Amino acid sequence: MMGSNVHWLLDVAINEGELDAFKTLMKEMVEATQSNESGAMIYEWFISEDEKNCHMYERYVDSAAMMIHLGSFGANFAERFFAAVTPARFTVYGDPSSEVREALAGFGVVHMAEIGGFAR
């Protein structure tokens, strides 16, 4: 089992006319997360060929690290993020704390518990 790591896959539709703003915001968010959040293990963004959808895969060492990220996101990026995209699907993997579950409760999150496998 993978232990205390928690991760998510967020699928968003990029709002009409917001692609450039979204790409600029992505660069800021990646830089801030990489520079300031040592508990962020994986932070990857993938865009569709037509540049209308983006998948964000994020993995954190534990729920506390995920909460640090959520705090930074809320304080610095949330308003511009939600102006640029419309969330389509949000899946959280692992066993997040009740604090993480509560913080994400309004986003229609699907929680997936680990039942097997490994990570290297």
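Things to note:
- Positions within the range 10-35 being in contact with a strand residue (DSSP E or B) (Cβ under 8 Å, 6 or more places away or on another chain) and in a helix (DSSP H, G or I), in sequence order: PHE22, MET26, VAL30, THR33, GLN34
- For the range 1-17, the set of residues classified as acidic (Asp, Glu) and either in contact with a Lys or Arg (Cβ under 7 Å, 6 or more places away or on another chain) or crowded, with 16+ Cβ neighbours inside 10 Å (or both) consists of ASP11 only.
- Test: residue in the range 36-45 that is exposed (fewer than 14 other Cβ atoms within 10 Å of the Cβ) and either in contact with a His (Cβ under 6 Å, 6 or more places away or on another chain) or in a strand (DSSP E or B) (or both): yes
- Within the range 77-114, the only residue that satisfies the criterion of being in contact with an Asp or Glu (Cβ under 8 Å, 6 or more places away or on another chain), part of a helix (DSSP H, G or I) and closer than 24 Å to SER35 by Cα is ALA84.
- Flag for GLY71 being exposed (fewer than 14 other Cβ atoms within 10 Å of the Cβ) and more than 13 Å from the chain's Cα centre (by Cα): no
- The one condition in (1) over 26 Å from ALA21 (Cα atoms); (2) in contact (Cβ under 8 Å) with a residue 40 or more places away in the chain that GLU99 fails to fulfil: (2)
Bear in mind that the values in this text are calculations on the coordinates, not laboratory data. Computed from a predicted model, the values in this text were never measured in an experiment. Don't worry about glycine lacking a Cβ; one is built from the backbone with ideal geometry, like all the others, and counts go over all protein chains shown.
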